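One structure is given below, encoded as structure tokens.
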Amino acid sequence: MLTAIYPGSFDPVTNGHLDIISRASQIFDTLIVGILENPQKKEYLFTVDEREAMLREVVKGISNVTVEVFNGLLVRFARQKKCRVILRGLRAISDYEYETQIAITNRKMSPEVETFFLPTSTEFSYLNSTVVKEIARFGGSVRCLVPEIVERRLREKFQTIS
Ligand code: ADP
């Protein structure tokens, strides 16, 4: 049985993330989407509970995908889950440098855990959570960029904080 962890902030989950999740779910026996809870790292728009609820909703039709929250070292979480694969999505060459640095560092700490990269589908190569939040913040439509539940939550969020 091959289990992979797909870690990220998912603030919020986009169609680009979903593309990686659904393609990976056809390759690995189990895929754990790991939401990083790291209050020191950066300001999130959504709380970890909100991010988790949206992710659970959008993957509920994929039987071998689970959603979990973790904090601290990713390789420690992988070890706890008896998981030997970390999966990351690659959009552009610019992702590659940062991602290989992290992958090499993780492998130094935990040689039994390998990082796999999955290139994005071309239609999502420009997409990230920050872009989605900027469009939504100024009232633009994010309909083609995120699942419906996320679109709704973004609208509610910006109504509440404006
Ligand atoms: P992080 O804060 O760790 O970068 P993100 O939530 O932004 O977390 O992304 C999680 C993973 O999804 C990363 O591997 C990232 O490269 C990948 N990813 C993000 N957006 C896309 C996209 N549009 N297409 C493919 N992969 C993506």
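Structural remarks
- Taking only the Cα atoms of the stretch 47-162, the radius of gyration and Dmax are 16.6, 47 Å.
- Expressed in units of 2.2 N^0.38 Å, where N is the residue count, the Cα radius of gyration of the stretch 32-108 is 1.20.
- Coil-residue GluC sites (Glu not before Pro) of the stretch 3-82, DSSP, other Cβ within 10 Å capped at 10: GLU43
- Dipole magnitude for the stretch 3-125: computed about the Cα centre from +1 point charges on Lys and Arg Cβ and -1 point charges on Asp and Glu Cβ, it is near 460 debye.
- A Förster radius of 25 Å, combined with the Cβ-Cβ distance separating CYS144 from ILE93, puts the computed FRET efficiency at roughly 0.50.
- Think of the stretch 37-130 as a dipole: +1 on every Lys or Arg Cβ, -1 on every Asp or Glu Cβ, centred on the Cα centre; then among PHE124, THR66, TYR44, THR66 lies furthest on the positive end.
- Adding -39500 (n - 2.57) for every DSSP H run of four residues or longer, then dividing by how many residues the chain holds, sets the calculated 222 nm ellipticity at -13500 deg cm²/dmol.
- Lysine pairs within the chain, Cα separation less than 30 Å, 8 or more sequence positions apart or different chains: 19
Coordinate-derived values only; no laboratory data. Nothing here was measured: the structure is a model prediction, and the numbers come from that model. We place every Cβ from the backbone using ideal geometry, glycine too, and count neighbours over all the protein chains shown.
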